[in-house]
Amino acid sequence: MSRIAVIAGDGVGREVVPAAVRAARAAAGERLEWTEFDWNADYFLRHGAAMPPDGLEQLRRFDAILFGAVGDPRIGTHEYAAGLLLKMRFGLDLYANLRPVRPLDDRLCPLRGIRGDEIDFVVLRENTEGAYAGIGGNFKSGRSEEVAIELDLNTRLGVERIQRLAFETARQRPRRRLVMADKSNAMPHAHGLWLRVFRELRPQYPEVEAGHLYADALAYQMVRDPRQFDVIVTSNLFGDLLTDLAAALQGGLGMAASANLHPGRLGLFEPVHGSAPDIAGRNRANPLGAILSAALMLDFLGLGEAARQIEAAAAAAVREGVTTPDLGGNWGTMECAAWIEKRLRA
Ligand code: ATP
């Protein structure tokens, strides 16, 4: 029995997370036990904090966390997000952000002459340091001579563990290919470390065909011909940008799933999109990003067969036109989720 903490959060998170729970329940049945947490914008406005003081301790007792989205027009997003999503990523040391890129159907891939099933890669993004470590400050704020500093923090431990995970991931995939992307040409100190670590690790994985690309060249190649990629590893900032680009290859933000992992310890699974206030509460959000995130969670929990069933049901939904407006369909979030649940229970 795996114990799962559910935090739907805000906006469309409250619509797509119940859809994901329905799919996971239908596929994995009694093997999962769910506990819901109401840590969202309302909680923040009531308590002045996004979670209780022992929130992280509570979460550590679970095997996985299923998360929706954080963001509310009533609150300055940074302060609140820092107290919820970023607190979990950093506090639980979820150092690897994993995003699979695999269009479920040909018509989701916008590139001419490339079939959806020819694209199948994962991006591993460093998730706890780099340019998003939050270290910096402003000096002489608001004056013409203002100085703003955002530090790009890279530790050998942090760089090595994400790259090692990428080599291990590549080793287990059929094509066994890895690309490490950095900007060591323009950022010789921080990304020089990435390149040195990469060159140290590469001989330890002779079965992996591992190469290096500058992040800008990788962006170019990802659009020119994404079929060449198998596993990509990169820093926090570049991973953020490249995975949004990659999401466009698989049908948009509503389709993209992600995992925040500390392998062997804990995983937090969430759709890539945010709270989408423009469509929240209107039964228009695409639930597939969240449903596919639940499939990633089942994989992490050792329930690979149930995960494959969810992916197959999601692919069938797209194939048969059971889609929300972002994919050109006229199905509602709930109706789409019900269709997938029914198919899983059939
Ligand atoms: P946040 O501040 O929480 O990140 P946002 O609106 O800035 O919210 P997203 O939530 O990622 O960022 O939304 C970006 C765009 O993508 C919006 O126009 C939104 O409607 C659309 N979008 C996001 N998620 C979905 C979804 N599940 N289904 C359909 N459209 C979506």
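Every read-out reported here was derived from the displayed coordinates using simple, explicitly stated rules and does not represent laboratory data. What you see is a predicted model; the values in this text were computed from it and never measured. Every residue, glycine as well, gets a Cβ built from its backbone with ideal geometry; the counts of neighbours run over all protein chains shown.
Got a sec? How would Ser144, Ser258, Ser184 order by Cβ neighbour count within 10 Å, fewest to most?
Working: Ser144 5, Ser258 25, Ser184 20.
Listing Ser144, Ser258, Ser184 from fewest to most nearby Cβ atoms yields Ser144, Ser184, Ser258.
In nm², what is the average projected area of the convex hull enclosing the Cα atoms of the range 118-183?
Numbers: hull surface 27.0 nm².
Average projection, Cα convex hull of the range 118-183: 6.7 nm².
Where the only charges are on Cβ atoms (+1 Lys, Arg; -1 Asp, Glu), what is the dipole of the range 110-250 about its Cα centre, to the nearest 20 debye?
Values: 19 positive and 20 negative charges, 74 e Å.
For this selection, approximately 360 debye.
In what sequence do Tyr80, Tyr43 fall when counting other Cβ within 10 Å, fewest first? Present the calculation step by step, with values, prior to reporting the outcome.
Numbers: Tyr80 22, Tyr43 17.
Going from sparsest to densest Cβ surroundings: Tyr43, Tyr80.
Please state, as a whole number in µm²/s, the translational diffusion coefficient that the Stokes-Einstein equation yields for the chain at 10 °C and 1.306 mPa s, with Rh defined as the Kirkwood radius across alpha carbon pairs. Before the final figure, lay out the partial values.
Numbers: Rh = 20.8 Å.
D, rounded to a whole number, is 77 µm²/s.
Where both residues lie in the range 110-250, what percent of DSSP beta bridges are antiparallel, nearest 5?
Numbers: 5 of 19 bridges.
Taking every DSSP beta bridge within the range 110-250, about 25 percent pair in antiparallel fashion.
So what is the relative contact order for the chain, in percent, with contacts set as C-alpha pairs under 8 Å and at least six apart?
Working: 715 pairs, mean separation 83.8, N = 346.
Contact order relative to length: 24 percent.
List Val159, Val179 from most exposed to least, where exposure is judged by having the fewest other Cβ atoms within 10 Å. Walk me through the numbers before you get to the answer.
Working: Val159 26, Val179 23.
In order of increasing Cβ crowding within 10 Å: Val179, Val159.
Which value, in Å to one decimal place, does the Kirkwood hydrodynamic radius take for the range 165-274 when every pair of different Cα atoms is included?
Details: mean 1/r = 0.0667 Å⁻¹.
It is 15.0 Å.
Which of the GluC sites (Glu not before Pro) across the range 194-258 are loop residues per DSSP, with 10 or fewer other Cβ within 10 Å? Walk me through the intermediate numbers first.
Numbers: sites: Glu200, Glu207, Glu209; in loops: Glu207.
Passing both the DSSP loop test and the Cβ count: Glu207.
Classify the range 273-342: rounded, prolate or oblate, from the alpha-carbon gyration tensor (a ≥ b ≥ c, eigenvalue square roots; a/c under 1.5 rounded; otherwise prolate if a/b is larger than b/c)? Numbers along the way, then the final one.
On the way: a/c = 2.57, a/b = 1.51, b/c = 1.71.
In terms of gyration-tensor shape, oblate.
Once amide H atoms are built 1.01 Å from N in the peptide plane, which residues 5 or more positions from Val122, or in another chain, come under 5 Å H to H?
Under 5 Å from the amide H of Val122: Val101, Val231, Ile232.
Which percentage, to the nearest 5, of the DSSP beta bridges contained in the chain is antiparallel?
Details: 20 of 48 bridges.
Taking every DSSP beta bridge within the chain, about 40 percent pair in antiparallel fashion.
About the Cα centre of the range 287-343, what is the dipole size in debye to 20, counting +1 per Lys and Arg Cβ and -1 per Asp and Glu Cβ, all else neutral?
Working: 4 positive and 7 negative charges, 19 e Å.
Once rounded to the nearest 20, the dipole reads 100 debye.
Taking the Cα centre of the chain as origin, work out the dipole magnitude from +1 charges on Lys and Arg Cβ and -1 charges on Asp and Glu Cβ, in debye rounded to 20.
Working: 41 positive and 44 negative charges, 124 e Å.
Approximately 600 debye in magnitude.
Taking the Cα centre of the range 89-245 as the origin and placing charges on Cβ (Lys, Arg +1; Asp, Glu -1), which of Gln172, Met222, Ala133 is farthest toward the positive end of the dipole?
So the residue we want is Gln172.
Work through the residues other than Asp152 whose Cβ is under 15 Å from its Cβ and net out their charges, Lys, Arg +1 and Asp, Glu -1.
Values: positive: Arg125, Arg156, Lys183; negative: Glu126, Glu129, Glu150, Asp182, Asp240.
That works out to -2.
Which of the trypsin sites (Lys or Arg not before Pro) found in the range 270-322 are loop residues per DSSP with 12 or fewer other Cβ atoms within 10 Å of their Cβ?
Within the range 270-322, no trypsin sites (Lys or Arg not before Pro) qualify (loop, at most 12 other Cβ atoms within 10 Å).
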